[in-house]
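Chemist: My structure is below; once you've seen it, I'll send some questions.
The values are calculated or read from the model by the stated rules, or taken from the named source; none is laboratory data. Being a predicted model, the structure only gives us computed values, none of them experimental. Here the Cβ is made from the backbone with ideal geometry for all residues, glycine too, and neighbour counts use every protein chain on show.
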Amino acid sequence: MARPSKQVRELVGELGRAMQAYQRSTQAYDDTVGKRLGLNPADLRCLDWLVDGPKSAGELSAAVGLKPAATTTLIDRLTDKGYVRRVASSDDRRKVLVEMTEEGMTRTYEMYRPMVEEGRAQLLRLDVDELTRMRDYLVGSLCAQGVFLFCYRYARRDNGTASLSTWVVQAWSRSLVRLLRA
């Protein structure tokens, strides 16, 4: 593989710095939203997962990274604040799901709506090829991050690093990208 040009290397560096700044800005924005809504970071992460639809307490526990007892406390806290409610599953009445309330959706969306609208306006300025490349990059990055997250959470550790080699992680990531695109 040929060495990338100086211009490409410089742009990659700029993009890396921009992504790091974006991540910091997103974290700061989420922290501020949480404070304004009286929510801690785990509460906000839980609500973020529930935007996609109802989840079981076990699914939320895995998604948020909490132990089951802490997840129950989190759900109780969000229920008391009016953000979520427990409902019986339509598939299995014995199963209890957690879903956002209308009030919870409204209160959180009001805080994020300006960012959603601005982001949408910026994306609408791009053409189909640019949007496709951006989507593909984000999907690939998401897959790689998911694999590394799995490794760091669950893999055996040797001297503080995951035991799986980088090439295995990269292979898994490429496979996940292919599956998501299929």
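Chemist: Does residue 83 satisfy being of a type outside the set (D, E, K, R) and within 17 Å of the chain's Cα centre (by Cα)?
Modeler: No.
Chemist: Determine which single condition residue 29 fails, assuming it passes every other condition in (1) surrounded by fewer than 12 Cβ atoms within 10 Å (Cβ to Cβ); (2) in contact (Cβ under 8 Å) with a residue 60 or more places away in the chain; (3) hydroxyl-bearing (Ser, Thr, Tyr).
Modeler: Checking residue 29 against (1) surrounded by fewer than 12 Cβ atoms within 10 Å (Cβ to Cβ); (2) in contact (Cβ under 8 Å) with a residue 60 or more places away in the chain; (3) hydroxyl-bearing (Ser, Thr, Tyr), the one that fails is (1).
Chemist: Pick out, from the stretch 38-122, the helices (runs of 4 or more DSSP H) lying fully within it that include 3 or more residues that are β-branched (Val, Ile, Thr).
Modeler: Filter on the stretch 38-122 gives 68-80.
Chemist: Quick check, is residue 51 surrounded by 13 or more Cβ atoms within 10 Å (Cβ to Cβ), of a type outside the set (D, E, K, R) and either under 25 Å from residue 16 (Cα atoms) or within 19 Å of the chain's Cα centre (by Cα) (or both)?
Modeler: no
Chemist: Within the stretch 85-106, track down each residue that is in contact (Cβ under 8 Å) with a residue 24 or more places away in the chain and either surrounded by fewer than 12 Cβ atoms within 10 Å (Cβ to Cβ) or touching a Ser or Thr at 6+ places or on another chain (Cβ under 6 Å) (or both).
Modeler: Correct list: 95, 97.
Chemist: Quick one: residue 64 ticks every box in (1) over 30 Å from residue 90 (Cα atoms); (2) surrounded by 15 or more Cβ atoms within 10 Å (Cβ to Cβ) except a single one, so which number is it?
Modeler: If we test residue 64 against (1) over 30 Å from residue 90 (Cα atoms); (2) surrounded by 15 or more Cβ atoms within 10 Å (Cβ to Cβ), just (1) comes out false.
Chemist: What's the number of the only condition in (1) of a type outside the set (Lys, Arg); (2) over 17 Å from the mean Cα position of the chain (by Cα); (3) modelled with pLDDT of 90 or more that residue 171 fails to meet?
Modeler: (3)
Chemist: Would you confirm whether any residue within the stretch 115-132 is basic (Lys, Arg), under 21 Å from residue 47 (Cβ atoms) and loosely packed, with under 10 Cβ neighbours inside 10 Å?
Modeler: Yes, there is a match, as at least one residue in the stretch 115-132 is basic (Lys, Arg), under 21 Å from residue 47 (Cβ atoms) and loosely packed, with under 10 Cβ neighbours inside 10 Å.
Chemist: What are the residue pairs meeting all of these: first residue in the stretch 1-20, first residue at pLDDT below 95, second residue part of a loop (DSSP other than H, G, I, E, B) and surrounded by fewer than 10 Cβ atoms within 10 Å (Cβ to Cβ), Cβ atoms under 9 Å, and 6 or more apart or on different chains?
Modeler: Taking only residues 6 or more apart or on different chains, the pairs are 9/3.
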